[in-house]
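Accompanying notes for the structure given below.
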Amino acid sequence: MKITEVETIHLRLPEIERECNGTQDALLVKIGTDAGLVGIGEVDSSPHVIQAIFDAPYSHTLACGLRHVLLGEDPLDVERLWEKMYRSTLYYGRRGAVIHALSGADIALWDLLGKATGMPVCKLLGGAYHRRMPAYSSDLMPFEPARAAGRAAQLRDAGFTHLKFGWGGLGQSERLDAELTAAIRSALGDRPELILDIGHCWDAATAEARARRLEEYRLLWIEEPLPPDDLDGYGRLTDAVTTRIAAGEQSSTCWDFADLMDRGRVDVVQVDVSRAGGFTEARRIAQMARQRNKPCVPHAYSTGVLLAASLHWAASIPNGWLVEYTVEESPLATGLHGTGLLREPLRAVDGWLTVPEAPGLGIELDEEQVAKYRVV
């Protein structure tokens, strides 16, 4: 079996809001073979940049586009192809957008491997530790406490036992941070668990003071309070506060995550499978986290393709904890009431997600929905 086609598909809503919302556009990767099998992946990054990385022609052995690297190869050689893609982009890659692009290709290759062998990806990654995974609702934080409380109550009533609010109104001031958090906690009562994603807008001193200020609201963790490169600040913060500190969605490859865990000393390791290096590298990162006795929680604020990939990865590792479930009401995401891009959407039922058992990722794209939002 040989790879005969590598296709990138840019999806975009007609109107894009200026907010940190990963459900407004998406980049899918399809890898086709001469056997008729097609693997599906996703990259949660800048679609135009990722397409250029796939489309770039051959320059020399350390600088060429990923399509050129993959065409004609055996798609079942998944880990060898990861190394080939990494080495073939050394001059302009190693981190950032190139690893994002590589991740999408790797996800599609594992999906292909599953379809070729008749096995779900979680089995191929080493075995399913979980048949179901608890999910936390993930939503943007409103700017008004009353709206935040109302949304929290709605998500609680939808069955979620873990809720995360991020960006939006957070990080504007100490007063508003406290008012928003207090309003949500008052609406929820002692349960569900509450998570805040600050959007890396504090410095270490501010984060330390703010974490102590918010302790009374019993946060499960505070996510990305600092810029991703402030590893020493993360180390200082995690040593100083009792609330868990989480980060990792901006990191790529096991080398980045080694620094995040050892210098940053974060309590929760957040791997975005579509940015960190795909399943191949995410498996290595999970092993590193396990050696340090740290739980892993995937970042997945995009379409159902990334949700499926994240669910398979989290289910396949002993230190998998929770799975992020986007509740944004976008045509590209499942949300609470939509269908998103999948023929059979993955839905959280009473706060739980069931791991697909069909071969590969166990999903099928709704091609009409893909065509509707495709950028031609």
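The values are calculated or read from the model by the stated rules, or taken from the named source; none is laboratory data. This one's a predicted model, so the numbers in the text were calculated from it and none came from an experiment. No Cβ is skipped: glycine too gets one built from the backbone with ideal geometry, and neighbour counts run over all protein chains shown.
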Top-ranked residue in the stretch 181-240 [being of a type in the set (Val, Ile, Thr) and assigned to a helix (DSSP H, G or I); ranked as farthest from the chain's Cα centre (by Cα)]:
Thr206
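Matching residues to (1) more than 12 Å from the chain's Cα centre (by Cα); (2) assigned to a loop (DSSP other than H, G, I, E, B); (3) outside the structural domain of Ser252 (by TED's automatic domain parsing):
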{"site": "Arg284", "(1), (2), (3)": "yes, no, no"}
{"site": "Leu307", "(1), (2), (3)": "no, no, no"}
{"site": "Ile317", "(1), (2), (3)": "yes, yes, no"}
{"site": "Pro331", "(1), (2), (3)": "yes, yes, no"}
{"site": "Leu336", "(1), (2), (3)": "yes, yes, no"}
{"site": "Thr339", "(1), (2), (3)": "yes, yes, no"}
{"site": "Arg347", "(1), (2), (3)": "yes, yes, no"}
{"site": "Lys372", "(1), (2), (3)": "yes, no, yes"}
Which condition breaks for Glu79 when tested against (1) at positive phi; (2) touching a residue at least 40 places away in the same chain (Cβ under 8 Å); (3) more than 19 Å from the chain's Cα centre (by Cα)?
(1)
Report the residue count in the stretch 78-109 for those that are under 15 Å from Leu37 (Cα atoms) and out of contact with any helix residue (DSSP H, G or I) (no Cβ under 8 Å at 6 or more places or on another chain).
1
Cβ-Cβ distance below 6 Å, separation of 6 or more or different chains: which pairs start in the stretch 1-25 with a residue that is surrounded by 19 or more Cβ atoms within 10 Å (Cβ to Cβ) and end on one that is among the small types (Gly, Ala, Ser)?
Leu11/Ala26; Gly22/Ser302; Thr23/Ser330; Thr23/Ala333
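Let's see how each residue does on (1) over 23 Å from the mean Cα position of the chain (by Cα); (2) part of a helix (DSSP H, G or I); (3) buried (at least 20 other Cβ atoms within 10 Å of the Cβ):
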| residue | (1), (2), (3) |
| --- | --- |
| Lys123 | no, yes, no |
| Ala128 | no, no, no |
| Tyr136 | no, no, yes |
| Phe143 | yes, no, no |
| Ala146 | yes, yes, no |
Would you mention how many residues in the stretch 261-275 are part of a loop (DSSP other than H, G, I, E, B) and either on the phi < 0 side of the Ramachandran plot or among the aromatic types (Phe, Trp, Tyr) (or both)?
5
Going by the conditions given, is Leu163 touching a Phe, Trp or Tyr at 6+ places or on another chain (Cβ under 7 Å) and either in the same structural domain as Ser46 (by TED's automatic domain parsing) or farther than 22 Å from Arg283 by Cβ (or both)?
yes
Residue that is at pLDDT 95 or above, farther than 22 Å from Leu341 by Cβ and outside the structural domain of Phe143 (by TED's automatic domain parsing), where the choices are Asp25, Asp44, Asp34:
Asp34
Of Leu260, Leu214, Leu219, which residue is closer than 26 Å to Glu329 by Cα, out of contact with any Cys (no Cβ under 8 Å at 6 or more places or on another chain) and at pLDDT 95 or above?
Leu219
